[in-house]
Amino acid sequence: MHPILRNLIDIIYPPRCHVCQEFLRKNPALEELALCKPCFKGLSRLTPPFCPVCGRPFRGGVPENHHCEDCLRKRPFYDRAGAPYLYEGTIMEAIHRFKYAEKTYLGNTLGYLLSLFVEGWLRETGSPVMMPVPLHPRKLRERGFNQSLLLARHVASRMGFELDFLALRRIKYTLPQTGLKRAERRKNVRRAFECTDQKALKGRTVLLVDDVATTGSTLNECAGVLKRAGAEKVICLVLARTMTP
Ligand SMILES: [Zn+2]
Ligand SMILES: [Zn+2]
């Protein structure tokens, strides 16, 4: 867009923060994100040490990355998982507005934040195929969009990765994972997914995308299906994760 036209539009419709709706002061670094400074500062970045497999952050104790108890006891189906943010503050608010208030334009802000993380985090994967955690068709009709697909699409287009949102399907209408205990979460998503296109997966690295992870049960269930269908590696990418006790 021509800069003069851009300025004119900015005068008529001054850009606002996508999370709190405050007018944005000129700040080129934050403009593309459509976040005001306080909201940007309200992002809680996850900091090491992490579990190198599930990406769980540790508080206190050994300062180096080390395997968590769960991963030592039983390796998940996925190869590793990572997330840039803790599910609180600006990210929690933004994800809520995005998912439940249908503010789909937030997909750009959140997708952009996720791609900034991917650039630094993913080094050795060649050309992965991105897949969002699918919604059940009934859920998709209720919500109108799959938030994870919007995130995956944004990251895929920025990074030049292939996107496949059809090969993995959710075949069981599950309860929301929120409010369920770890064992119940695992049970809730058991056999909830299937892979419809095994050819697309043979020998590939899949970058599986979801908005929020708590115990990782959903990601693990999907990863199991993808691995059985021939995926060589499954790497999970999540925008925010909760602190598990
Ligand atoms: Zn704001
Ligand atoms: Zn772990």
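Residues that are part of a loop (DSSP other than H, G, I, E, B) and among the acidic types (Asp, Glu) were ranked within region 191-235; the one that is modelled with the lowest pLDDT is ASP197.
Selection of region 23-70 for residues being within 16 Å of ligand 1 (Cβ to nearest atom) and exposed (fewer than 14 other Cβ atoms within 10 Å of the Cβ) yields PHE23, ARG25, LYS26, ASN27, ALA29, GLU31, GLU32, PRO38, LYS41.
Cβ-Cβ distances below 9 Å connect the following pairs, each with a first residue in region 62-77 that is in the same structural domain as THR215 (by TED's automatic domain parsing) and under 9 Å from CYS51 (Cβ atoms), a second residue that is away from ligand 1 (no atom under 16 Å from the Cβ) and small (Gly, Ala, Ser), and a separation of six or more residues or different chains: ASP70/GLY216. Of all the listed residues (ARG97, ARG59, ARG75), the sole one being over 23 Å from LEU122 (Cβ atoms) and outside any helix (DSSP H, G or I) is ARG59. Please determine whether any residue of region 26-49 is in contact (Cβ under 8 Å) with a residue 24 or more places away in the chain, within 16 Å of ligand 2 (Cβ to nearest atom) and not polar (S, T, N, Q). Checking region 26-49: at least one residue is in contact (Cβ under 8 Å) with a residue 24 or more places away in the chain, within 16 Å of ligand 2 (Cβ to nearest atom) and not polar (S, T, N, Q). Filtered by the rule that a residue be small (Gly, Ala, Ser), part of a helix (DSSP H, G or I) and farther than 18 Å from CYS236 by Cβ, region 143-176 gives a lone residue, SER157.
Put simply, of LEU35, LEU72 the only residue that is over 18 Å from the mean Cα position of the chain (by Cα), of a type outside the set (Asp, Glu) and at pLDDT 95 or above is LEU72.
Consider GLY179 carefully, then state whether it is part of a loop (DSSP other than H, G, I, E, B) and touching an Asp or Glu at 6+ places or on another chain (Cβ under 7 Å). When the stated conditions are applied, GLY179 does not pass them. Listed conditions (1) over 22 Å from ARG153 (Cα atoms); (2) part of a strand (DSSP E or B); (3) not hydrophobic (A, V, I, L, M, F, W, C) are all met by ASN188, apart from (2).
The values are calculated or read from the model by the stated rules, or taken from the named source; none is laboratory data. Just so you know, these numbers come straight off a predicted model, no measurement behind them. Neighbour counts are summed over all protein chains in view; Cβ atoms, including those assigned to glycine, are modelled from backbone coordinates with ideal geometry.
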